[in-house]
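Notes follow once the structure below has been shown.
The values are calculated or read from the model by the stated rules, or taken from the named source; none is laboratory data. Since we're looking at a predicted model, the values are computed, not measured. Don't worry about glycine lacking a Cβ; one is built from the backbone with ideal geometry, like all the others, and counts go over all protein chains shown. Only protein heavy atoms, including side chains, enter the accessible area calculation; ligands, DNA and RNA are left aside. Shrake-Rupley method; radii C 1.70, N 1.55, O 1.52, S 1.80 Å.
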Amino acid sequence: MCPVSISIITPSYQQGDFLERMLASVSNQSHPVIEHLVYDGGSTDRSVEILRAAGSRVRWVSRPDGGQADAVNQGLWSATGEVIGWINSDDIYYPEAFESIAAAFAADPDLDVVYGEADHIDVFDNPFEAYPTAPWDPEWLRHDCFICQPALFFRRRVVGRVGVLDPNLHYCMDYNYWLRLAAHGCRFRFLPRKLAGSRLYASNKTLRDRAAVHREIARMFHTLEGSVPLRWVYAEARYRTLASIDEQRFPGRFAVGLMANVLRSQWHWNRRPGVAALWEYAQIRRRHAARVCSASS
């Protein structure tokens, strides 16, 4: 049996502090990649110097692009491996991650997507908390992005079915893609093994403006499905409230403001009262908890 061939795609911009460690985490894998494609958006830091030093094991370009999703899409159009992994330049893979992924795909030719566990890591690569992953549950995926982006791999064939990332998204292009893969009937498998470290630090774009992140998630769901799940209505309303009221100093005012914003957001996005949505959400949480319990028993 021929080994599963893996292509890795990396979008990057001004990540000279982390780029070298990410490259090493790919090149040091026990299961080799057939190509590592890096799309740098025209960095002016040490990135180009690091990419030049990587030699022939990395194929790269450094030029202005349309952002992270555009860079990943360039890789999706160019990748030749049977399986594709996408890792940002400030994240890392753990040792033997590719071997585990290749074995899972080789064991089931009908499998489209494999994802595993992951950690949040600091600027020194130290894990400080586990990423909240969960066994595969397409219903629950609408309410919780329980898939860590660098810990997910998919067959190249799904790009022909589903297309590429939405270039209009700046924060949740990965979550959007997982939802689209599920909607197209792709077969997912959860691998209960830690595969990657996803870095969180002060200048990380998903931490810089949480309100913008959740506004985009709400808009994404509204475009994709015509409505927004209550969990994301609440999150969008919470960060909007935090922008105007200090929760620590004025907890009472914050609670009142949050309730008003939740009701306002629920009507804006879904045109329905929140009580019915709350009941539906509770039932979905109950079903998900039962699936998790069943999967772990």
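Over the chain, what is the relative contact order in whole percent, taking alpha-carbon pairs under 8 Å and six or more residues apart?
Result for the chain is 17 percent.
Assigning unit charges at the beta carbon (Lys, Arg +1; Asp, Glu -1) and nothing else, what dipole magnitude in debye, to the nearest 20, does the chain show about its Cα centre?
1040 debye
Report the full-extension gain for the segment Q283 to S78: residue separation times 0.36 nm, less the Cα-Cα distance, to one decimal in nm.
Details: separation 205, 0.36 × 205 = 73.80 nm, distance 4.30 nm.
Answer, rounded to one decimal: 69.5 nm.
If you average the alpha carbon positions of the range 73-91 and of the range 97-135, how far apart do those two centres end up, in angstrom?
Here the two parts' Cα centres lie 15 Å apart.
How much area per residue is accessible in the range 56-174 when the probe is 1.4 Å and only protein heavy atoms are counted (Å²)?
I get 39 Å² per residue for the range 56-174.
Tell me the label-point distance for the pair M259, D144, using the 7 Å Cα-to-Cβ offset, in nm and rounded to one decimal.
Distance between label points: 2.6 nm.
Counting only protein heavy atoms, what percent of the accessible surface of the range 1-75 is carbon or sulfur at a 1.4 Å probe?
50 percent
For the chain, which DSSP H helices look membrane-span-like by this rule: Cα extent along the axis of 24 Å or more and mean Kyte-Doolittle of at least -0.5? Could you put the intermediate results ahead of the total?
Details: long enough: 251-270 (27 Å, -0.17); 274-296 (33 Å, -0.10).
In the chain, the long hydrophobic H runs are 251-270, 274-296.
Return the Rg/Rh value of the range 1-89, two decimal places, where both radii are evaluated on C-alpha atoms and Rh is the Kirkwood radius.
Details: Rg = 12.5 Å, Rh = 13.0 Å.
Looking at the range 1-89, the ratio lands at 0.96.
Counting only Cα, what are the radius of gyration and maximum Cα-Cα distance Dmax of the chain, in Å?
20.0, 64
Given the DSSP H assignment, sum -39500 (n - 2.57) over each helix run of at least 4 residues in the chain and divide by its residue total; what's the result at 222 nm in deg cm²/dmol, nearest 500?
Taken over the chain, the calculation gives -14000 deg cm²/dmol.
Among A54, A71, A97, which one shows the highest mean-square fluctuation when the chain is modelled as a Gaussian network with alpha-carbon springs under 10 Å?
A54
Could you check the simple spin-label distance between V123 and R187, using points 7 Å along Cα→Cβ, in nm with one decimal?
Going by the 7 Å Cα→Cβ label model, 4.5 nm.
Principal axis extents for the range 106-156, Cα atoms only, whole Å, descending order, please.
Cα spread of the range 106-156 along its principal axes, largest to smallest: 38, 27, 17 Å.
Can you pull a Stokes-Einstein diffusion coefficient for the range 87-198 at 10 °C (1.306 mPa s), Rh from Kirkwood over Cα pairs, as a whole number of µm²/s?
My calculation gives 109 µm²/s for D.
Among L191, L242, L152, whose mean-square fluctuation peaks in a Gaussian network model of the chain (Cα, cutoff 10 Å)?
Checking each option, the largest mean-square fluctuation is seen for L242.
Taking Cα centroids, how far is the range 242-257 from the range 162-179 in Å?
When both Cα centres are located, 33 Å separates them.
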